[in-house]
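Heads up: the structure comes next, in structure tokens.
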Amino acid sequence: MQDYNPDKDLLNERVILVTGAGSGIGQAAAKKFAEYGATVVLLGRNEHRLEQTYDQIEAAGWPTPALIPFDLEKAPTEDYYALGESLYQEFGQLHGLLHNAAKLALLSRIDDFDPVTWNSVIQVNLNAAFLLTQACLPLLRKADDASILFTSDRVGRKGRAYWGAYGVSKFAIEGLMQTLAEELESSQIRVNSIAPGPTQTALRAWAYPGEDPTSLPLPDQIMNNYLYLMGPDSKEINGQALSAQAVTQVDKS
């Protein structure tokens with residue numbers, strides 16, 4: 001996927017919703033999707049950061065995005081379905097949904113993990129993804145070709161000590177992906193997950209404060225993977241847990 005060479009009009013006339021679009025991988029993905037022709041719906045908690053992404057897309061001359069400030073942790077269930085209805089009224093359909101927003105909060109032994117923090121992380125990383133997917137499925141079914149993509153993590157594929165609620169939520173995301181993929185396998189909607197690997201993001205810097213961030217790829221450097229999985233060239237790929245970077249036995253990050 002990293003060597004993928006997409007056509008410049010790969011995502012023309014497509015509407016793609018990206019969560020966590022204000023920074024890091026979400027921002028890079030939103031900009032890349034727009035660069036290749038998509039109308040991107042920017043969703044996130046921090047309106048200022050979303051506006052920065054919006055302005056960068058507009059300044060580049062790509063399709064004008066939509067901006068939706070939305071708190072995945074605090075929004076009541078009915079707000080998710082109201083969001084789905086609003087998207088239907090505005091666009092009529094969705095061609096893509098990238099679940100990228102994530103919360104880490106802390107690294108801790110299970111013995112000591114604060115239950116309030118646990119519930120907060122599970123809400124953002126898992127429950128919100130379920131609710132938003134459910135709200136958006138009717139719009140995705142309206143498209144001739146659609147992709148649901150979850151940004152996962154290696155700690156959601158092999159458990160590691162101290163990653164607590166974050167690691168558990170990513171394991172659950174893999175289960176949600178597989179369940180959806182089987183349920184939708186006879187439809188035009190495909191569902192996959194991708195683990196970005198070590199990348200220069202704020203979440204990575206918080207988890208590894210002693211690491212030299214310049215030794216890691218920038219989010220933009222792994223975007224070919226996201227383009228491939230979000231565009232029509234991957235329409236035969238379904239139910240796969242994929243990685244944006246090569247995984248080796250000595251890589252324990």
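Overview of values
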| read-out | value |
| --- | --- |
| Correct option for mean projected area of the Cα convex hull in nm² [calculated from the coordinates] among [x] 13.2; [y] 15.6; [z] 14.8 | [x] |
| Estimated inter-spin distance, GLU90 and PHE130, nm [label 7 Å along Cα→Cβ] | 2.6 nm |
| Estimated distance in nm for a label pair at GLU51 and GLN240, the labels positioned 7 Å out from Cα along Cα-to-Cβ | 4.1 nm |
| Accessible area of ASP153 in the full protein assembly, 1.4 Å probe (Å², nearest 10) | 40 Å² |
| Loop-resident sites, the stretch 132-241, for trypsin sites (Lys or Arg not before Pro), counting at most 10 other Cβ within 10 Å (DSSP) | LYS158 |
| Charge dipole (the chain, unit charges on Cβ, about Cα centre) - positive-most of ALA59, GLY44, GLY84 | GLY44 |
| At most 13 other Cβ within 10 Å, DSSP loop - GluC sites (Glu not before Pro), the stretch 44-90 | none |
| Relative contact order (%) - criterion: Cα under 8 Å, at least six apart; region: the chain | 20 percent |
| Using alpha-carbon coordinates, inclination of helix 128-142 to the longest axis of the chain, degrees | 20 degrees |
| For the chain: lysine pairs under 12 Å (alpha-carbon distance), excluding those fewer than 8 apart on one chain | 4 |
| Residues in the stretch 1-34 reached by a label modelled at ARG157 [backbone nitrogen below 17 Å; 7 Å Cα→Cβ] | 1-3 |
| Using alpha-carbon coordinates, inclination of helix 164-183 to the longest axis of the chain, degrees | 40 degrees |
| Farthest toward positive dipole pole in the chain [+1 Lys/Arg, -1 Asp/Glu at C-beta], among SER215, SER152, VAL18 | SER215 |
| Label-zone membership for the stretch 210-224, site LYS8, 7 angstrom Cα→C-beta point, backbone N under 20 Å | 223-224 |
| Estimated FRET transfer efficiency when R0 is 25 angstrom, pair ALA59-GLU211 (beta carbons, to 0.05) | 0.20 |
| Residue-span extension gain [SER108 to ASP220] - 0.36 nm each, minus C-alpha spacing | 37.3 nm |
| Pairwise centroid distance, computed over Cα atoms, of the stretch 63-85 with the stretch 168-237, Å | 21 Å |
| Relative contact order [Cα under 8 Å, 6+ residues apart], the stretch 103-237, whole percent | 27 percent |
| Helix 47-59 axis, angle to the chain major axis (alpha carbon atoms, nearest 10°) | 50 degrees |
| Formal net charge of residues neighbouring GLY22 (Cβ-Cβ distance under 11 Å; K, R +1; D, E -1) | 0 |
| Pairwise label distance in nanometres, THR179 with ASN119, each label 7 Å out on the Cα-Cβ vector | 2.1 nm |
| Only Lys, Arg (+1) and Asp, Glu (-1) charged, at Cβ; the chain dipole about Cα centre in debye | 560 debye |
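The values are calculated or read from the model by the stated rules, or taken from the named source; none is laboratory data. It should be emphasised that the depicted structure is a prediction, and the values quoted were computed from it without experimental measurement. Quick reminder, even Gly has a Cβ in these numbers, built from the backbone with ideal geometry, and neighbours come from all protein chains shown. Surface accessibility is based on the protein's heavy atoms, side chains included, excluding ligands, DNA and RNA. Shrake-Rupley method; radii C 1.70, N 1.55, O 1.52, S 1.80 Å.
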